[in-house]
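Since every read-out is calculated from the coordinates, none of them should be taken as a lab result. Remember, predicted model here, so these are calculated numbers, not experimental data. Here the Cβ positions follow ideal geometry from the backbone for every residue, glycine too, while neighbour counts run over all protein chains shown.
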Amino acid sequence: MTATLKDSYGRPVTNLRISLTSRCNLSCIYCHAEGEKNPDAEMSTQEIIDIMNVAAKFGIRSIKFTGGEPLIRPDILEIIRFVPKGIESSITTNGILLADMAADLKHAGLRRVNVSLDSLNPETYKRITGSDRVNEVLAGIDAALKVGLTPVKLNMVVLHGINDQEVDDFLAFVRGNHNLVLQLIELMHFNNCEYHGDLNGVECNLAARSKQILTRRMHHRKKYCLDGAEVEVVRPLHNTEFCAFCNRLRVTSDGKLKPCLLRTDNHVTIRGKKGADLEALFCEAVARREPFFK
């Protein structure tokens, strides 16, 4: 393995986030699909394996699989089995298919899961996602805990006027289980989104109630520990620390390497590339990285 690559700002790249599909079995009201709208152009299994192998050569230590909904892909277990040795793999899922797949995912080598869950209330969950399958998500969380896909991180996007009164309900849900971590995510405020809610008040309240506040290395994100519950606040926009400590490259489901989630003008296309050509493009993507907020 070669030395870990660093961009011109001195930020090491140790994490790869791979979108496996833009398809999803939910229709969340805030979803923007990270700009991906071409499900017919998904990378093949081999293309994904090739980029993972190149990433391993350049010191990537963790890979997160995302979507869309990554568990939709019929080759998901094969992909996980081919994660190079020494790289920790995780997945972000809406959890609907997780109960039936948790044991197989663990056996294939998956380390842990993030589960997107924006409401514990069935009516609110349906309003947000268009689905009444919240009980299947909860069953998936239980299954992940049972087989050891831990810690299970619950991703709650806080939506103004819809679920912002449920923060304490989620704290109660994770309280007392050290294998459950709540992540409160601030919705990106794009196109004057009516659901955007500022988390300043929420974070101040958490800080006042916490017995301990930790700072994670990744993005200098705060972790609040209160009454047996662990909660992190994710605020990527207008956050210079988020950018200063970013360690990720992103791969879109149609085969583009993105140095920055918030930009669409500096990606590197890797479709059909192998070997030295693919390695050169990986280095080029790292060279194009710069903090969006400086």
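Annotations
- Rounded to the nearest 20 debye, dipole of the chain from Cβ charges on Lys, Arg, Asp, Glu: 1160
- ALA172 sits among other residues whose Cβ lies under 12 Å from its own Cβ, and their net charge, with Lys and Arg +1 and Asp and Glu -1, is -3.
- Applying 1/(1 + (r/R0)^6) with r as the Cβ-Cβ distance of HIS107 and ALA41 and R0 = 25 angstrom yields a FRET efficiency of 0.25.
- Here is how the number arises for the chain: DSSP H runs of 4 or more residues each give -39500 (n - 2.57), the sum is divided by the residue count, and the result at 222 nm is -8500 deg cm²/dmol.
- Modelled FRET efficiency - R0 22 Å, HIS32 with GLU136, Cβ distances, 0.05 increments: 0.35
- Database note for the chain: Cys without another Cys beta carbon under 4.7 angstrom, CYS24, CYS193, CYS204, CYS225, CYS243, CYS246, CYS260, CYS283.
- FRET efficiency, 1/(1 + (r/R0)^6) with R0 41 Å, evaluated for TYR9 and GLU194 via beta carbons: 0.70
- Label-point gap, in nm, between VAL147 and ASP168 - each point 7 angstrom along Cα→Cβ: 3.6
- Potential extension, CYS283-ARG263 segment - 0.36 nm per residue separation minus Cα distance: 5.4 nm
- Straight-line cross-link reach from LYS258 at under 13 Å between alpha-carbon atoms covers these aspartates and glutamates, not counting any fewer than eight positions away in the same chain: GLU34, GLU36, GLU284, GLU290.
- Shape of segment 1-131, Cα gyration tensor, a/c cut at 1.5: prolate
- Highest mean first, the peptides 198-210, 249-261 sorted by other C-beta atoms within 10 Å per residue fall in the order 249-261, 198-210.
- For the set LYS57/LYS274; LYS64/LYS273; LYS153/LYS223, the pairs lying more than 18 angstrom apart at their alpha carbons are LYS64/LYS273.
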